[in-house]
Amino acid sequence: MFLHARKLVPYVIKARVKSFERLLVPQAVKASIKSLLKKPETVFTESLIVNDEVVLDRHLRICRTLQKAIDGGGIPKTGIACEIGNGDCLSSTDLLLSAGFSKVYLVEFAFPKVDCHQMRILQAAAGAPDLENSLAIFKNIASQEVDAGRVVHIPGIMETARLPEPVDFLFSFDVLEHVGNLDLFFERCAESLRPGGYMVHKFDLSGHGILEDPIPPLDFQTYPDWIYDILFPNPGRAARNPFPEFLRMFAKHGFDIVSSETLRAAPRDYVRTIRPRLRADLQGISDEMLTILDVIVVARKR
Ligand SMILES: C[S@@+](CC[C@H](N)C(=O)[O-])C[C@H]1O[C@@H](n2cnc3c(N)ncnc32)[C@H](O)[C@@H]1O
């Protein structure tokens, strides 16, 4: 009997170590460490790479979201516009120019490449019956020459950008959640926008990269800062600001909220179960605010 039990000892120890490991190292952290050991992902690329269809879907979704926000909010389609962090997308710029804006500033690290993939997407947007896109972005469509007088690239980030003139409309899509210094970002928005001008920001407050689906959407808010810093040392990471912090910034920098629409929400039960594990900064935030994952805010400068 004793001999028989001794044979089991290594298995018992192994099982104990496994359950201890599981207790200490959550799945997401393990996945993150594994992926950190792999080749790092490109944060930004000028080229439209990998999967054309996915990129096409994303660019069309950006255009539809922008057009709905402009039309739904009765925002005038005149004057000068600016898109902050357009990434590899030029279709939103084309929409703004086609709809009536005279010029678009693009605040982004690099200007997107106009290659055959970009052309196909721009043409698809121009062919979509529900979008105002009409390839107005080009000075010469045949030579694929972008109209440099109407599309002006401002290299860098908004916090350090200086637009050459005030604008009437500001737009960003999936950018605000990456902004580390919200105060400076909103200060620049307020400086850049004319009084009475509108801005539309669509942003995504759920986990990004290795901390998104199938990892539940707010689990990334449970890690203490030091673990998050190890997992995502890059400055372009999701900055983990909660929704009330954005509302505070709009008000502080002189913007009235015209509308705020939640496009995707976390289940309440999930928010309730995760609450005890949330990092300390989020403990005072209501369940309702925490459920907001994808949101579009239209604001107007006083
Ligand atoms: C998730 S990508 C979104 C790109 C594009 N709007 C889209 O939805 O496909 C975020 C982009 O915002 C840019 N970005 C991040 N922080 C920024 C800032 N503070 N000012 C301007 N651009 C920023 C990044 O360079 C990146 O291209």
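Might you let me know whether the stretch 244-259 holds any residue that is closer than 14 Å to HIS178 by Cα and loosely packed, with under 13 Cβ neighbours inside 10 Å?
Pass one, the stretch 244-259, residues closer than 14 Å to HIS178 by Cα: 245-246.
Still in the running and loosely packed, with under 13 Cβ neighbours inside 10 Å: none.
No, the stretch 244-259 contains no residue that is closer than 14 Å to HIS178 by Cα and loosely packed, with under 13 Cβ neighbours inside 10 Å.
Would you confirm whether or not the stretch 222-237 contains a residue that is buried (at least 18 other Cβ atoms within 10 Å of the Cβ), more than 28 Å from GLU165 (Cα to Cα), modelled with pLDDT of 95 or more and under 17 Å from the mean Cα position of the chain (by Cα)?
No, the conditions are met nowhere in the stretch 222-237.
Check every one of the strands (runs of 3 or more DSSP E) wholly within the stretch 78-186 and list those with 1 or more residues that are in contact (Cβ under 8 Å) with a residue 24 or more places away in the chain and either basic (Lys, Arg) or away from the ligand (no atom under 16 Å from the Cβ) (or both).
Of the strands (runs of 3 or more DSSP E) lying wholly inside the stretch 78-186, those with at least 1 residues that are in contact (Cβ under 8 Å) with a residue 24 or more places away in the chain and either basic (Lys, Arg) or away from the ligand (no atom under 16 Å from the Cβ) (or both) span 80-84, 103-108, 167-173.
Return the pairs, sorted by first residue and then second, in which the second residue is in a helix (DSSP H, G or I) and among the hydroxyl-bearing types (Ser, Thr, Tyr), the first residue lies in the stretch 187-209 and is more than 8 Å from LEU170 (Cβ to Cβ), the beta carbons are less than 6 Å apart, and the residues are 6+ apart or on different chains.
LYS202/THR65
In the stretch 138-161, how many residues are closer than 15 Å to PRO112 by Cβ, surrounded by 14 or more Cβ atoms within 10 Å (Cβ to Cβ) and within 24 Å of the chain's Cα centre (by Cα)?
Summing the residues that are closer than 15 Å to PRO112 by Cβ, surrounded by 14 or more Cβ atoms within 10 Å (Cβ to Cβ) and within 24 Å of the chain's Cα centre (by Cα) in the stretch 138-161 gives 4.
If you take just the helices (runs of 4 or more DSSP H) that sit entirely in the stretch 200-302, which of them hold at least 1 residues that are within 24 Å of MET158 (Cβ to Cβ)?
Details: elements: 225-231, 243-252, 268-274, 287-291.
The helices (runs of 4 or more DSSP H) meeting that bar are 225-231, 243-252.
For the stretch 133-159, which positions are among the aliphatic types (A, V, I, L, M) and at positive phi?
LEU135
Mind listing just one residue for me: the one in the stretch 193-208 that is within 12 Å of the ligand (Cβ to nearest atom) and in contact with a Lys or Arg (Cβ under 9 Å, 6 or more places away or on another chain) and, of those, farthest from THR291 (Cα to Cα)?
HIS208
Here are some residues: ASP287, ASP294, ASP269, ASP219. Which one is within 16 Å of the ligand (Cβ to nearest atom) and either at pLDDT 95 or above or under 27 Å from PHE169 (Cβ atoms) (or both)?
Values: ASP287 fails: within 16 Å of the ligand (Cβ to nearest atom); ASP269 fails: within 16 Å of the ligand (Cβ to nearest atom); ASP219 fails: within 16 Å of the ligand (Cβ to nearest atom).
Criteria check complete, one pass: ASP294.
The values are calculated or read from the model by the stated rules, or taken from the named source; none is laboratory data. These numbers come from a predicted model, not from an experiment. FYI the Cβ positions are ideal-geometry reconstructions off the backbone, even for glycines, and counts take in every protein chain you see.
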